[in-house]
Amino acid sequence: MAEHTKGPWKADNLAKVRCEADGGYGLVAEAHGGRYYGSIPATVDDLEISHANARLIAAAPDLLAAAQYLREHLALFCGPDDAIANEILRIADAAIARATGGGS
């Protein structure tokens with residue numbers, strides 16, 4: 001399975017997520033939220049939702065790295081009887097799997 005485009009990813013003022021690649025900005029995603037008429041948001045709220053979605057998408061590589069770091073280091077310190085730590089590990093594992101194509 002292919003890996004994601006390396007970051008950093010940044011959300012622009014058009015709710016597009018771009019990545020610096022080969023000295024330029026490559027389009028990673030275009031975020032939408034709410035109602036749209038073609039490519040025009042129906043309301044200011046819909047545009048704000050699109051911007052919020054773009055910021056979340058742009059943070060995805062950092063969030064994946066954080067989950068992987070948490071998973072690697074927390075596993076060193078928790079035992080099988082540590083219910084809270086094991087629940088955190090379960091959640092991190094599920095997020096990592098979804099982000100890397102290993103889960104739904």
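Worth a mention:
- Taking all pairs of distinct alpha-carbon atoms in the chain, Kirkwood radius in angstrom: 15.7
- Nearest 10 degrees, 0 to 90: helix 44-77 Cα axis against the chain principal axis: 20
- For Leu64, net neighbour charge (Lys/Arg +1, Asp/Glu -1) across residues whose Cβ lies under 14 Å away: -1
- Taking every alpha-carbon pair under 8 Å whose residues sit at least 6 apart, the chain reaches a relative contact order of 21 percent.
- Highest average packing first - 62-68, 47-53, 32-38, 80-86, Cβ atoms within 10 Å: 47-53, 62-68, 32-38, 80-86
- Packing-based order for 70-78, 11-19, using average beta carbon neighbours within 10 Å, highest first: 11-19, 70-78
- Placed amide H near Ala29: partners under 5 Å, 5+ positions off or other chain: Val17
- Neighbourhood net charge (15 Å Cβ-Cβ; Lys/Arg +1, Asp/Glu -1) for Ala85: -3
- Crossing angle, helix 83-100 versus the chain [Cα axis fit, 0-90 degrees, rounded to tens]: 40
Values quoted throughout were computed directly from the atomic coordinates according to the rules given, and no laboratory measurement underlies them. The structure displayed is predicted, hence computed values, not measured ones. Here the Cβ is made from the backbone with ideal geometry for all residues, glycine too, and neighbour counts use every protein chain on show.
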